[in-house]
Amino acid sequence: MWVAGQYFIACARIAAHELEKQAKAHLASSFQSQLEEKDEMLGVLQTQVSILRQATATTPVSVALPTSEEVRSGVNKAARRDDTGATQ
């Protein structure tokens, strides 16, 4: 009886150890996937920044600032413009 109990405990420890190894491998795989995803996103953002820098270097950027009367009254024509620049 004592031997059977020890055998059961040994089997349970081995099973627990295997589950722990599987869990660690799964976590490592998950973290690696997340790192690759973050690296890909960084590459996309760097490309976007590069494109925007090139575009702003060749095309002047104009910003419509509100007049002092608009600031006092709380009206901002620039905020009411659509993408074409037309005032709504």
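The figures follow:
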| read-out | value |
| --- | --- |
| Arg13 paired with Ala57, simple spin-label distance in nm, labels 7 Å along Cα-to-beta-carbon | 6.5 nm |
| HN-Hα J in Hz across the stretch 21-28 - Karplus 6.51, -1.76, 1.60, θ = phi - 60°, x for Gly and Pro | 4, 5, 5, 5, 5, 5, 4, 4 |
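Throughout, read-outs are computed from the coordinates displayed, never taken from laboratory work. Note that this is a predicted model, so its numbers are computed, not measured. When we count neighbours, we look across all protein chains shown, and the Cβ atoms used for this are built from the backbone with ideal geometry, even at glycine.
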